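This report concerns only the one structure given below.
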Amino acid sequence: MIEDLKKDAAQRMAKSVAALNQSLAKLRTGRAHPSLIDHLMVSYYGADTPITQVANISVDDARTLSVTPWEQSVIPDIEKAIINAGLGLNPVTAGKVIRVPLPDLTEERRKDLARLVKQEAEQGRVAVRNVRRDVISDLKALLKEKEISEDEERKAEQDVQEITDKHVAEVDKISEEKQKEIMEF
């Protein structure tokens, strides 16, 4: 019973860390990466469709993304989605390919992005701690029902805290690496 709770806690905390990784991948660091725009939705025959389902996204060079739609009729919709995404990107159509050059990041924008990374990391830490709180309340419920002893409950709480500390450290490491990457010139 206790082992199941600890295993569940570790899995849920790992998912929180993975979610942080995914959200940080969408932040621009000055280098072209398909994840910058692969979450965008495009109006495709009246339905919002992920851009990855209507086009291929690739990296031309360190500062340019290339979007190749499978149908030419969707080019204006893709351009519109990229412009309206609020990423500060201006797509340029060259025949059947949409090129998305990444402008240089200003010092001010880099600091804003670093601040955003800190906020995302804090949300990740909170998510990990929420899992800890849930598991500890489950342990207290088991103790109240007399399914486990006080010693078992205390030992399990320590184990859950160790798991929490490990995942919080992972969140911190990811945050530091992303901030360093953003602040590079």
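No lab work stands behind these numbers, since they all come straight from the coordinates. Quick caveat: nothing in here was measured; it's all calculated off a predicted structure. Note that each Cβ is placed from the backbone with ideal geometry, even for glycine, and that neighbours are counted across all protein chains shown.
Remarks
- Options Asp38, Asp4, Asp8, Asp61; residue that is among the charged types (D, E, K, R) and in contact with a strand residue (DSSP E or B) (Cβ under 9 Å, 6 or more places away or on another chain): Asp38
Residues are listed down the side, and each one gets a yes or a no for (1) in contact (Cβ under 8 Å) with a residue 24 or more places away in the chain; (2) in contact with a Gly (Cβ under 9 Å, 6 or more places away or on another chain); (3) of a type in the set (A, V, I, L, M, F, W, C):
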site	(1), (2), (3)
Asp112	no, no, no
Leu116	yes, no, yes
Arg125	yes, no, no
Val131	yes, no, yes
Thr164	yes, no, no
Val171	yes, yes, yes
Ile174	yes, yes, yes
Gln179	yes, no, no
Glu184	yes, yes, no
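- Residue within region 65-80 that is touching a residue at least 12 places away in the same chain (Cβ under 8 Å) and either among the aromatic types (Phe, Trp, Tyr) or within 30 Å of Glu157 (Cα to Cα) (or both) present: yes
- Count of residues meeting criterion [assigned to a helix (DSSP H, G or I) and either farther than 18 Å from Glu122 by Cα or among the aliphatic types (A, V, I, L, M) (or both)] in region 139-180: 23
- The strands (runs of 3 or more DSSP E) found entirely in region 18-130 include none that carry 3 or more residues being more than 17 Å from the chain's Cα centre (by Cα) and exposed (fewer than 13 other Cβ atoms within 10 Å of the Cβ).
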